[in-house]
Amino acid sequence: MKLRWKELLLAVLMAAGLWYIVAGSEKLESVVSVRVIYKGTPPGLVVLNGMVDKLEVRVRATPGILRTVTGREIPFAMDLAGLKPGENILPVEAGRLPFLDDVEVMDVNPPRIQLEVDTMASKTVPVAVDIQGDTAKGLVLQADVEPPQVELRGPSTRLAEVKTVRVPLNAEAETTLGLRTEKRSPVLPDGVESIPPQVDMTVEVDYSRKQVKVTRPVRVEETEGLGVFLRPAKVTISVALPESRVAQAATDPEIRAWVEPTSRAPGSYTLPVRVSVPDGAQLVKVEPEETVLTLEQAGPALR
């Protein structure tokens with residue numbers, strides 16, 4: 001007997017509906033990312049290691065339900081109120097994960113979170129400058145910090161190993177002569193903070209000098225037309241020279257000595273010996289520091 005077209009259409013619709021019901025009730029599996037949020041750490045404790053950012057959770061659900069949980073990150077709060085110093089193992093309970101009852105949790109990776117916990121502590125330690133590398137040839141470098149001590153706060157096991165904190169300074173980069181002060185942060189272990197967080201580091205770059213002695217005649221300024229006699233007529237000058245100028249010290253024209261008469265009237269005058277040295281040099285001593293100048297009305301100048 002031939003089926004009429006209406007009956008055939010009804011049969012097709014019933015078959016499609018049955019397939020949809022069966023297919024829609026079929027459960028599929030997928031892996032969902034769950035972001036872990038930690039809260040409630042007890043006062044005086046700190047977590048050193050073991051915190052994981054996310055869990056990979058394998059779930060099973062119908063396609064419609066599964067679409068609501070895949071493709072996005074789901075937050076999960078992990079309560080740390082029960083932590084104690086030492087090793088803490090916190091199981092990840094499937095029933096506490098933020099999924100609807102229609103979602104079946106098949107597997108959690110990792111299944112537990114293992115945390116290393118320590119107590120917080122504080123201590124005061126000295127601060128030192130850690131000069132790294134070699135200073136450029138011909139230069140010397142000095143550095144200091146203020147304050148000379150800082151307070152450290154952090155995990156007690158890490159603080160126990162700290163005797164001094166250091167501020168690094170690259171000596172090779174310090175080529176500008178002079179004195180400067182700038183803020184610098186000490187190098188600290190992970191999880192440790194410094195109070196204050198920065199110190200004032202003062203850096204001075206100067207020439208590397210060598211002390212030498214040279215002998216120079218004492219010149220007399222502004223005595224034209226007068227007879228001049230000096231006793232003594234020469235002095236010994238001790239001077240700290242940049243190393244680059246030491247070899248020419250004996251003939252260096254920038255190292256000289258002179259006196260300035262206080263009067264042009266004939267007579268004898270005890271005068272201080274004045275000395276000039278090159279830029280970058282430092283006068284140490286002149287011997288003797290005074291000389292006796294005798295001025296005569298006429299006659300050749302005596303030296």
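The values are calculated or read from the model by the stated rules, or taken from the named source; none is laboratory data. Since this is a predicted model, take the numbers as computed values, not measurements. Every residue, glycine as well, gets a Cβ built from its backbone with ideal geometry; the counts of neighbours run over all protein chains shown. The accessibility values were calculated without ligands, DNA or RNA, using every heavy atom of the protein model including side chains. Shrake-Rupley method; radii C 1.70, N 1.55, O 1.52, S 1.80 Å.
For every residue, the table says whether it meets (1) farther than 27 Å from V125 by Cα; (2) in a loop (DSSP other than H, G, I, E, B); (3) open to solvent by 80 Å² or more (accessible area, probe 1.4 Å); (4) in contact with a Gly (Cβ under 8 Å, 6 or more places away or on another chain).
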residue: T176; (1), (2), (3), (4): yes, yes, yes, no
residue: T181; (1), (2), (3), (4): no, no, yes, no
residue: G191; (1), (2), (3), (4): no, yes, no, yes
residue: K210; (1), (2), (3), (4): yes, no, yes, no
residue: V214; (1), (2), (3), (4): yes, no, no, no
residue: V228; (1), (2), (3), (4): yes, no, no, no
residue: V239; (1), (2), (3), (4): yes, no, no, no
residue: R245; (1), (2), (3), (4): yes, no, no, yes
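Condition test on V69, is it touching a strand residue (DSSP E or B) at 6+ places or on another chain (Cβ under 9 Å), at pLDDT below 85 and either open to solvent by 70 Å² or more (accessible area, probe 1.4 Å) or among the aliphatic types (A, V, I, L, M) (or both)? Yes: the conditions hold for V69. Looking across the range 193-205, the residues that are open to solvent by 60 Å² or more (accessible area, probe 1.4 Å), out of contact with any Lys or Arg (no Cβ under 6 Å at 6 or more places or on another chain) and within 30 Å of D118 (Cβ to Cβ) come down to I195, P197.
Could you tell me whether V187 is surrounded by 14 or more Cβ atoms within 10 Å (Cβ to Cβ) and either in contact with a strand residue (DSSP E or B) (Cβ under 9 Å, 6 or more places away or on another chain) or closer than 30 Å to M120 by Cα (or both)?
no
The set of residues from the range 219-234 being of a type in the set (A, V, I, L, M) and more than 17 Å from T262 (Cβ to Cβ) comprises just one member, A233.
All conditions but one from (1) aliphatic (A, V, I, L, M); (2) in a strand (DSSP E or B); (3) open to solvent by 30 Å² or more (accessible area, probe 1.4 Å) apply to L100; the one that does not is (2). Scan the range 76-97 for residues that are over 30 Å from V192 (Cβ atoms) and open to solvent by 40 Å² or more (accessible area, probe 1.4 Å) and jot them down. If the condition is that a residue be over 30 Å from V192 (Cβ atoms) and open to solvent by 40 Å² or more (accessible area, probe 1.4 Å), then P91, E93, A94, G95, R96 are the ones that fit. Residues in the range 106-139 that are among the aliphatic types (A, V, I, L, M), open to solvent by 60 Å² or more (accessible area, probe 1.4 Å) and within 22 Å of the chain's Cα centre (by Cα): I131 alone.
In this structure, is L141 closer than 30 Å to V52 by Cα, in contact with a Ser or Thr (Cβ under 7 Å, 6 or more places away or on another chain) and in a strand (DSSP E or B)? No; evaluated as a whole, the condition is false for this residue.
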